[in-house]
Amino acid sequence: MASRKFFVGGNWKCNGTGEDVKKIVTVLNEAEVPSEDVVEVVVSPPFVFLQQVKGLLRPDFSVAAQNCWVRKGGAFTGEISAEMLVNLQVPWVILGHSERRALLEKLSDWTNVVLAYEPVWAIGTGKVATPAQAQEVHDGLRKWLQSNVSPAVAESTRIIYGGSVNGGNCKVLAAQPDVDGFLVGGASLKPEFVDIIKSATVKSSSA
Ligand code: PEP
């Protein structure tokens, strides 16, 4: 078993209606995927559907918000604070996505952080990084963590790849030693998201 559990995130972005959400969740709930000790699956619907998805989704998958406000709550029209997400028991949030370029404060605790490398040219374009390109950058990021944070954080932090991941290219990417999972946009709205989740077995069978 790899020491870092494979992580697959589905970023639904600004897509869907209540009916679409039900359909996507039904596909996920009916899917046969590797067990929770092999892969961690997190889907990120738009804020307005978070509670609905949380209520309908199978218990071995969880949800993420697509962003949150960097400060405490207050007079900030339209923002959603981290406290609100905690209050609604939303355990994950995507921060600093290139489509938002939000502020990212310096981190003091890396325990619950999953780092995503997403080349901007690959997001939503159908142009995916080669496995060698992804591995090179992930390796560089892990070395950065090693020198700038700690060897323990470098070893335990999951570094996931995002940018035009689909059912056809996920396995070769997953086979790279420093690719610990994926952040998936477009394909997370389709049934092939299940194949991407299943690519976690590339890791568990090679360990
Ligand atoms: C993303 O939005 O983070 C993303 C990687 O999108 P896509 O998979 O559609 O390229």
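What to note about this one:
- The residue that is most open to solvent (accessible area, probe 1.4 Å), counting only those in segment 1-52 that are under 21 Å from A116 (Cβ atoms) and of a type in the set (S, T, Y), is S3.
- Matching residues, segment 121-156, being assigned to a loop (DSSP other than H, G, I, E, B), more than 13 Å from the ligand (Cβ to nearest atom) and open to solvent by 40 Å² or more (accessible area, probe 1.4 Å): T130, V149
- Test set (1) in contact with a helix residue (DSSP H, G or I) (Cβ under 8 Å, 6 or more places away or on another chain); (2) modelled with pLDDT under 95; (3) not aliphatic (A, V, I, L, M) - F61 fails condition number: (2)
- Members of segment 64-120 found to be within 16 Å of the ligand (Cβ to nearest atom), within 24 Å of Q52 (Cα to Cα) and outside any loop (DSSP other than H, G, I, E, B), listed by number: A64, A65, W92, V93
- Any hit, segment 155-176, residues being on the phi < 0 side of the Ramachandran plot, among the β-branched types (V, I, T) and touching a Pro at 6+ places or on another chain (Cβ under 8 Å): yes
- Those residues of segment 7-23 which are of a type in the set (K, R) and in a loop (DSSP other than H, G, I, E, B), in sequence order: K13
- Here T26 meets each of (1) touching a Ser or Thr at 6+ places or on another chain (Cβ under 8 Å); (2) over 17 Å from L183 (Cα atoms); (3) of a type outside the set (D, E) with one exception, condition (1).
- First in segment 47-73 and within 20 Å of E19 (Cβ to Cβ), second anywhere and aliphatic (A, V, I, L, M) and open to solvent by 80 Å² or more (accessible area, probe 1.4 Å), Cβ under 8 Å, 6 or more apart: none
- Qualifying residues in segment 167-179 (those that are more than 15 Å from the ligand (Cβ to nearest atom) and touching a residue at least 40 places away in the same chain (Cβ under 8 Å)) - the one surrounded by the fewest Cβ atoms within 10 Å (Cβ to Cβ): P177
- Residues of segment 186-198 that are buried (at least 23 other Cβ atoms within 10 Å of the Cβ) and in contact with a Phe, Trp or Tyr (Cβ under 8 Å, 6 or more places away or on another chain): S188, I196.
The values are calculated or read from the model by the stated rules, or taken from the named source; none is laboratory data. What you see is a predicted model, and the numbers here were worked out from it, not measured in a lab. As a convention, Cβ positions derive from the backbone with ideal geometry for all residues, glycine included, and neighbour counts pool all protein chains shown. Side chains included, ligands, DNA and RNA excluded: accessible areas come from the protein's heavy atoms. Shrake-Rupley method; radii C 1.70, N 1.55, O 1.52, S 1.80 Å.
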